[in-house]
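Novice: If you scroll down you'll find the structure; I have some questions about it.
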Amino acid sequence: MAKLADAASLPYRRGVGIALFDAAGRVFAGERIDTPGAWQMPQGGLDRDEDPWAAACRELKEEIGTHKAEKLDETEWLRYDLPPDLVGHVWRGRYRGQEQKWFAARFTGENSDIDLEADAKPEFRAWRWVALEDLPSLIVPFKRPLYLAVVTAFARFADART
């Protein structure tokens, strides 16, 4: 377990996140199995030498059972720090938080394509389409600043596609 004083010396874990928009301009949110009541967008780690968009598509397939999405935009790298009580426990104590590249993508499939049990280790217990601006109030508090940055970056995609 990393000591709190050592947390600042730990690196950030690289990852990706996906704001997946439906045709009405709403975003996919899944309720985490390990944190009931916490809803988030699909996200996950970036493998060494993996292209970030390819990783985003992989994460979609793993977490929601489909990668039917077209890329709209991406952010610069955004960071969040773990709260002190989680440093040393999450990711075997190797990271202080995550550095993520977020993608806006348009869902090109049907709701029936979404299968939360497609992977052997599901991450979500339930899912729904939500207004983009509502996401920060649904996520765990330590990720809210990052989610606010994603909302700002992708607000223009929240209108229904015409």
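Where a number appears in this text, it was derived from the coordinates with a stated rule and is not lab data. These numbers were taken from a predicted model, which means no experiment stands behind them. Virtual Cβ from ideal backbone geometry, glycine too; neighbours counted across all protein chains shown.
Novice: Run the dipole for the chain about the Cα centre, Lys and Arg Cβ at +1, Asp and Glu Cβ at -1, nothing else charged, and hand back the magnitude in debye, nearest 20.
Specialist: Numbers: 23 positive and 27 negative charges, 86 e Å.
Using Cβ point charges on Lys, Arg, Asp and Glu, the chain gives about 420 debye.
Novice: Classify the chain as rounded, prolate or oblate, taking a ≥ b ≥ c as the square roots of the eigenvalues of its Cα gyration tensor: rounded when a/c is under 1.5, otherwise prolate if a/b is larger than b/c and oblate if not.
Specialist: In terms of gyration-tensor shape, prolate.
Novice: Which entries in K101/K143; K71/K143; K61/K121; K61/K101 show an alpha-carbon gap greater than 20 Å?
Specialist: Details: K101/K143 14 Å; K71/K143 23 Å; K61/K121 12 Å; K61/K101 17 Å.
From K101/K143; K71/K143; K61/K121; K61/K101, over 20 Å: K71/K143.
Novice: Okay, next question. Compute the acute angle (0 to 90°) between the alpha-carbon long axis of helix 52-64 and the principal axis of greatest extent of the alpha-carbon atoms of the chain; round to the nearest 10°.
Specialist: The helix 52-64 is inclined about 80 degrees to the chain.
Novice: I want to make sure I understand the PRE zone here: with the label point 7 angstrom from the Cα of I33 toward its beta carbon, which residues in segment 101-141 have backbone N atoms less than 16 Å away?
Specialist: Only 115-127 pass the distance filter.
Novice: For helix 144-154, report the angle its Cα long axis makes with the longest principal axis of the Cα atoms of the chain; keep it between 0 and 90° and round to the nearest 10°.
Specialist: The two axes meet at around 40 degrees.
Novice: For V130 and D47, calculate 0.36 nm times their separation in residues minus their Cα-Cα distance, and state this gained length in nm to one decimal. Spell out each step's value before the answer.
Specialist: Values: separation 83, 0.36 × 83 = 29.88 nm, distance 2.91 nm.
Full extension from V130 to D47 adds 27.0 nm.
Novice: Using 0.36 nm per residue of separation minus the Cα-Cα distance, give me the extension gain between W91 and A54 in nm, one decimal. All intermediate terms of the calculation are to be shown ahead of the outcome.
Specialist: On the way: separation 37, 0.36 × 37 = 13.32 nm, distance 2.21 nm.
Net length gain for the segment: 11.1 nm.
Novice: Relative contact order for the chain: what is it in percent, counting Cα pairs under 8 Å that are at least 6 residues apart?
Specialist: Values: 329 pairs, mean separation 56.5, N = 162.
Relative contact order for the chain comes out at 35 percent.
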